[in-house]
1. What are the residues in segment 73-91 that are in a loop (DSSP other than H, G, I, E, B) and touching a residue at least 60 places away in the same chain (Cβ under 8 Å), if any?
2. Any residue at all in segment 137-148 that is closer than 14 Å to residue 80 by Cα, touching a residue at least 60 places away in the same chain (Cβ under 8 Å), in contact with a helix residue (DSSP H, G or I) (Cβ under 7 Å, 6 or more places away or on another chain) and not in a loop (DSSP other than H, G, I, E, B)?
3. Find the residue count for segment 183-211, including only residues that are at pLDDT 95 or above, buried (at least 17 other Cβ atoms within 10 Å of the Cβ) and more than 22 Å from residue 139 (Cβ to Cβ).
4. Taking residue 61, is it over 27 Å from residue 183 (Cα atoms), in contact (Cβ under 8 Å) with a residue 40 or more places away in the chain and surrounded by fewer than 17 Cβ atoms within 10 Å (Cβ to Cβ)?
5. Taking the condition of being in contact (Cβ under 8 Å) with a residue 40 or more places away in the chain, crowded, with 22+ Cβ neighbours inside 10 Å and either in contact with a strand residue (DSSP E or B) (Cβ under 7 Å, 6 or more places away or on another chain) or in a strand (DSSP E or B) (or both), how many residues in segment 118-132 meet it?
6. Which one of these does residue 135 not meet: (1) farther than 17 Å from residue 50 by Cα; (2) surrounded by 22 or more Cβ atoms within 10 Å (Cβ to Cβ)?
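The values are calculated or read from the model by the stated rules, or taken from the named source; none is laboratory data. Just so you know, these numbers come straight off a predicted model, no measurement behind them. Using ideal geometry, Cβ is built from the backbone for each residue, glycine included, and neighbour counts are taken over all protein chains shown.
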């Protein structure tokens with residue numbers, strides 16, 4: 001009888017472990033294959049929403065506390081000085097980032113609105129209508145959408161996939177929230193761990209990112 005109970009308990013534990021492992025594998029698989037994009041029609045015409053991994057696939061806990069709301073009117077881009085090589089590594093980074101932000105920083109949620117990993121996969125962070133925390137002393141984050149690369153552009157150059165994802169996201173955000181292209185910028189000062197990285201900063205200093213977004217939106221507006 002004891003042997004039977006022990007076997008049942010052992011089988012139950014194995015089943016629980018299998019379920020947890022299966023859920024983790026499914027989460028990673030979804031991060032490797034992004035969901036289908038949808039369309040959004042804004043002031044400049046119709047721009048497809050980028051394919052985004054939702055917080056439900058990476059979030060370790062639900063947000064806590066109260067968040068200040070805001071109306072987006074600008075976009076800041078930077079990198080996290082962390083490089084991930086796979087969907088599972090990116091998910092783990094986002095979970096750890098959220099835990100740190102909630103437990104140590106007391107921000108109640110992961111700090112930034114969107115994250116792009118080294119494979120060009122896009123992840124949703126905190127809701128866009130929730131104001132992000134201040135990045136540096138006397139910095140006012142109201143109205144700013146934060147886009148962070150999970151990469152280190154002081155060490156590596158941005159890949160084609162990363163740039164394609166960024167441009168698509170910027171076009172969609174500018175169209176949806178009527179953000180002027182000249183209100184897109186890279187963070188170049190403050191905490192050295194929260195800057196754009198010199199290899200990404202160069203694209204913004206030369207106006208290459210802004211010009212490409214401007215041209216795409218003009219073409220869409222002309223076709224609408």
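1. Taking segment 73-91 first, the residues in a loop (DSSP other than H, G, I, E, B) are 73, 80-86.
Residues satisfying the conditions are 73, 80, 81, 82, 83, 84.
2. Step one: filter segment 137-148 for residues closer than 14 Å to residue 80 by Cα, giving 146-148.
Keeping just the survivors that are touching a residue at least 60 places away in the same chain (Cβ under 8 Å) gives 146-148.
Right, trim to in contact with a helix residue (DSSP H, G or I) (Cβ under 7 Å, 6 or more places away or on another chain) and you get 147.
Then keep just the ones that are not in a loop (DSSP other than H, G, I, E, B); that gives 147.
The answer is yes; a qualifying residue exists.
3. So the answer is 0.
4. For residue 61, the condition - over 27 Å from residue 183 (Cα atoms), in contact (Cβ under 8 Å) with a residue 40 or more places away in the chain and surrounded by fewer than 17 Cβ atoms within 10 Å (Cβ to Cβ) - is met.
5. 3
6. (2)
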